[in-house]
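Report on the structure given below.
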Amino acid sequence: MKQPLGLLRWLITVILLITGSYFMQPYAQAAKKDPRMDWWRDARFGLFIHWGLYAVPAGEWNGKTDYGEWIRDNAQIPLSTYDTFRNQFNPVRFNASEWVKLARQAGMRYIVFTSKHHDGFALWDSQETDFDIGSTPFQRDVLKELAAACKEQDMPLCLYHSIMDWHHPDYLPRREWEQDRPTDSAIFDRYVAYLKAQLKELLTNYGPIGILWFDGEWEDTWTHERGKDLYNYVRSLQPNIIINNRVDKGRMGWAGMTKDGFAGDYGTPEQEIPATGLPGVDWESCMTMNTHWGYNKTDNNYKPAVTLIRNLVDITSKGGNFLLNVGPTAEGVFPASGVERLQAFASWMQVNGEAIHGAKASPFKDLGWGRCTQKAIPGGTRLYLHIFNWPADGRLRIPGFGSSVVKLTALNGDLPVTFKKEKADLLIELNGLQQDPAATVLALDIKGKPVIYSAPAIQADASLFVDQLAVKFTSNIPGALITYTTNGSDPTAASVPARPLLLKKTTSIKAAAFLNGRQLTPVATASFEKVTVQPALAVTPSSGGLEFLSYEGNWTRLPNFDSLSPAAMGTVANFDISMKRGKDEYAFVFEGYINIPFDAVYTFALASDDGSRLYIDSSLLIDNDGMHSMLELGKDIALGKGYHHIKVQYFENNGGDNLELYWKAANIPRMRIPDVVLYRK
């Protein structure tokens, strides 16, 4: 029978594992400083247009109405049937000038148009295929008309182009359900030549193209080498063009950012906004107004205009661009609900557009009432304060504000606004100002660059402790005095000077930084709780590893696994999803015991794409459920030496997939949980 590892042996094993471990490179690629990116960085806001043959069925097939631009694959429509949509595609109401006008009025400064989506249909008159707009009753080259309208209205035209192609006979792999399309004669290199030939048409016949927005790069036939080659090929045709990171294989799921070493000028988060800014990195969040990218006649699940406007503000405040999608109908018009939201943008941007176009990321870490963007002005900086949540007392507080104010006005009327300093904060009087339901914007002119004082950091290994806990204070303000209290009152310059503490009981701490007796920062707070360890279970498992159950199905949240029948089961050494049966739409439940080496507080961190949960001794510790890209959540727990039950649930819907479980403790650096501490039931 296998006995628990001794502490010394266990620590040696940990050191060996750390020495040989692989640490993920940062998602974000290095910043691109090439001046060709400048117009895009200033634009901040663009219109995505998903249009093609999929607009004909309008999301409905065989009684189901939840399809979009993926309808051919999702509904498993045979190629011969899908081809007949060409005879029905006749967008007689298409007006390129009206499309561009709506986008420009909404404050959008570039358009990304689907020249070809995954279905392979070309929305221009291509000489490389007859599966294009020229084979429809409409026949007009919509891309040519859109290019002319963009040129006339000074709108950069950009193109979405799919690497994946479900129509071309040489594209591989086929869809798994396509049993009627043999692959014996398919040559992928021949498809790549076709892809390049079509791109050459687009880049030589339609004027300057601002961006080539690639997609569909995730299948195994597309490689890193092909991505680099295609990037260089496109730049050889138009040297000033911008190319997104989906040309290559470096994109990390829906989060959209890229590891170093892969081609692409910027990252592409999809349907989400990064939680924090990414300084020095170019990125763009693409998002639908409703649920689908392509037109779906029954999809009325539109986000409110207020939400969309605030998304634009949030993204700009974090240094990114916002690419907002509309899916035109088969007749060639934008859905009425989409037009309404573009018009709402037009009204807001007419007043507040200067706070978006050309604006940079916020100098503040967090503003509970809204967001901030900024621009350099002669002699100083203009801070744009976007108020989402109007203070109940009508007074807006800017914490840790150290700059000298020159002028403060509201953009909706250019009204002067009164203010005063109060301790470390700037206090702004809002009473009498008009509230905008999306965001009221104030323009705050200051001397020089922003001076923002952050609250001191109150640092410890965990928020819980068993015997005692070391706590320290740090500040990035040279010469500042940090003082603290433990009685619930706010610290003053006369409070106890900060020093390393050794806590032996539950304690709440407040701290602030002072200079020459003046408070510079907001008050930081932290609480630390003394706890008893959760006792180990009276079990002695005999075999290492975990038991797993895998499931197949389409979920947007973790299902009730007790009501499902597993597709497979077995044992694994760790929380390993590599034995998945398909590429998407699956789930796992891992279960067993974890051998805790000593009494201590352990910090567990669960990272997944999509949702996951961690249970320790049958209690939910971390809930990371829902559809999202790689997201990590952590929590502390005090555990006694010995065996504890552990269970991880995980599901994947589509896009990227990953599951990782980390831990750390006082004598254990952060690392993935090693195989040697996992045991089967």
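The values are calculated or read from the model by the stated rules, or taken from the named source; none is laboratory data. All values reported here derive from a predicted model rather than from experimental measurement. So basically every Cβ, Gly included, is an ideal-geometry build from the backbone, and we count neighbours across all protein chains shown. Only protein heavy atoms, including side chains, enter the accessible area calculation; ligands, DNA and RNA are left aside. Shrake-Rupley method; radii C 1.70, N 1.55, O 1.52, S 1.80 Å.
Determine by what factor the alpha-carbon radius of gyration of the range 58-109 differs from 2.2 N^0.38 Å, reporting the quotient.
Taking the Cα Rg and dividing by 2.2 N^0.38 Å, one obtains 1.58.
Computed in the context of the full set of protein chains, the accessible area of the range 253-398 at 1.4 Å probe radius has 50% of its extent on carbon or sulfur. With the simple model of a label 7 Å out from the Cα in the direction of the Cβ, Ala197 to Ala480 spans 6.4 nm.
Given a 1.4 Å probe and every protein chain left where it sits, what share in percent of the accessible area of the range 567-681 is carbon and sulfur? Write out the running numbers ahead of the final one.
Details: 1860 of 4070 Å².
C and S atoms contribute 46 percent here.
Which of Ala568, Asn87, Gln179 sits farthest toward the positive end of the charge dipole of the chain, with +1 on the Cβ of Lys and Arg and -1 on the Cβ of Asp and Glu? My answer, from the dipole projection, is Ala568. Counting only lysines at least 8 places from Lys64 when in the same chain, those with an alpha carbon closer than 22 Å to its own are Lys297.
Kindly rank 407-415, 352-360, 294-302 from highest to lowest mean number of other beta carbons found within 10 Å of each residue.
352-360, 294-302, 407-415
Each Lys and Arg contributes +1 and each Asp and Glu -1, all at the Cβ; summed about the Cα centre of the range 158-281, the dipole is approximately 360 debye.
Go through [x] 133, 54, 47; [y] 80, 76, 45; [z] 80, 56, 54 and flag the label whose value is the computed Cα extents along the principal axes in Å for this structure. Only one listed value fits the structure, namely [y]. Evaluated at q = 0.09, 0.13, 0.21 Å⁻¹, a Debye calculation over the C-alpha positions of the range 340-464 (equal weights, vacuum) places log10 I(q)/I(0) at -0.28, -0.55, -1.30.
Relative to the Cα centre, the charge distribution of the chain, modelled as +1 at Lys and Arg Cβ and -1 at Asp and Glu Cβ, gives a dipole magnitude of about 2840 debye. Inter-label distance, Glu632 to Thr507: 2.8 nm, where each label sits 7 Å from its Cα along the C-beta direction. In the chain, taking the dipole from charged Cβ atoms about the Cα centre, the farthest positive-side position among Ala193, Phe651, Val471 is held by Val471. When the Cα atoms of the range 507-593 are aligned to their principal axes, the ranges along those axes come out at 68, 37, 24 Å in descending order.
In debye, nearest 20: dipole of the range 352-415 around its Cα centre with unit charges on the Cβ of K, R (+) and D, E (-)?
Values: 8 positive and 4 negative charges, 34 e Å.
It works out to roughly 160 debye.
Of the residues Gly380, Gln434, Leu342, the one whose Cα sits farthest toward the positive end of the charge dipole of the range 318-434, with +1 on the Cβ of Lys and Arg and -1 on the Cβ of Asp and Glu, is Gly380. For the range 133-230, the list of GluC sites (Glu not before Pro) that fall in a loop by DSSP and count at most 13 other C-beta atoms within 10 angstrom reads Glu176, Glu219. Gyration tensor analysis over the Cα atoms of the range 465-614 returns equivalent ellipsoid semi-axes of 48, 21, 13 Å (largest first, whole Å). Projected label points at Glu547 and Ala186, each 7 Å from Cα along the beta carbon direction, are separated by 4.0 nanometres.
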